[in-house]
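Please read the structure below before turning to the comments.
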Amino acid sequence: MSKTVKGSSNFSARAPVSKADLAPEYRTFKFKAFFHPSPTPPMEDQEFYIKIAKACADAYRSDDHAELRERIDEWLDFTIQTHPEQYGDAVYMDHTYRGLLALDSGDIETARLELLKSGKAPPSPVLKSFGPNLSLGKRMLEAGEKETVLKFLDLCKTFWVLPLRLMHIPRWKKSIEAGEAPNFGGNLFYLMDMPGLEEE
């Protein structure tokens, strides 16, 4: 069943992001991110980052698509302008939410494409360590998209570094191939319900 859209919205008003969206000096950071430690953002930036991730999740759960698009654009702009090393998180979640909204409307083909695009996001400190958010992957499995999810997990190897991914991806793939529901654990919450968020 499709969700009811709250208010007028055009979630696809902004074209999917690409490396061309970055300022010229940042367009090669995708490759540098693997070899250079990321700077620790100032506390106020960390707080904004946590809150913007939760604001996107809240907007999605409230069916407020216009608010969701606005908050994702804010997330993308923040990383491009201030913390390009975290750009991959915003790109990843942009495609994740596009896929979730497509599933909500019954558009399985678009959801499939968006899941695979999310697996090609640039690396970031969160994606390289904690790994991807699997909310869309879980929904796709429930929709019978086993092969698509297996392909997506293989794509995640490009940003989820060793040995951390070995703790999860082989186990998840084994469960999926056996026709079982994998336990994605905290990977259903990363980049949505960020740990450490203090309610005001």
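A short reminder: the numbers here are calculations on the coordinates, not readings from a lab. These numbers come from a predicted model, not from an experiment. Don't worry about glycine lacking a Cβ; one is built from the backbone with ideal geometry, like all the others, and counts go over all protein chains shown.
Give, rounded to the nearest 20 debye, the magnitude of the charge dipole that segment 42-188 has about its Cα centre when Lys and Arg contribute +1 at Cβ and Asp and Glu contribute -1 at Cβ.
Values: 19 positive and 24 negative charges, 175 e Å.
For this selection, approximately 840 debye.
Beyond 21 Å between alpha-carbons counts as too far, so tell me which of Lys146/Lys173; Lys117/Lys174; Lys51/Lys151; Lys117/Lys157 fall in that bin. Check vs 21 Å cut-off fails for Lys117/Lys174; Lys51/Lys151. Evaluating 6.51 cos²θ - 1.76 cosθ + 1.60 at θ = phi - 60° for every residue in segment 154-161, the Karplus couplings come out as 5, 5, 5, 5, 6, 10, 8, 7 Hz, glycine and proline recorded as x.
Taking the Cα centre of segment 118-200 as origin and assigning +1 to Lys and Arg Cβ atoms and -1 to Asp and Glu Cβ atoms, the resulting dipole is close to 540 debye. For segment 53-74, there are no residues whose amide N sits under 18 Å from a probe point set 7 Å from the Cα of Leu113 along the beta carbon direction.
In this rough spin-label picture, where each label sits 7 Å from Cα along the Cβ direction, the Ala181-Gln81 distance is 4.2 nm. The residue list Gly99, Leu188, Ser62 was ranked by how far each Cα lies along the charge dipole of segment 42-188 toward its positive end, using unit charges on Cβ atoms, and Leu188 comes out on top.
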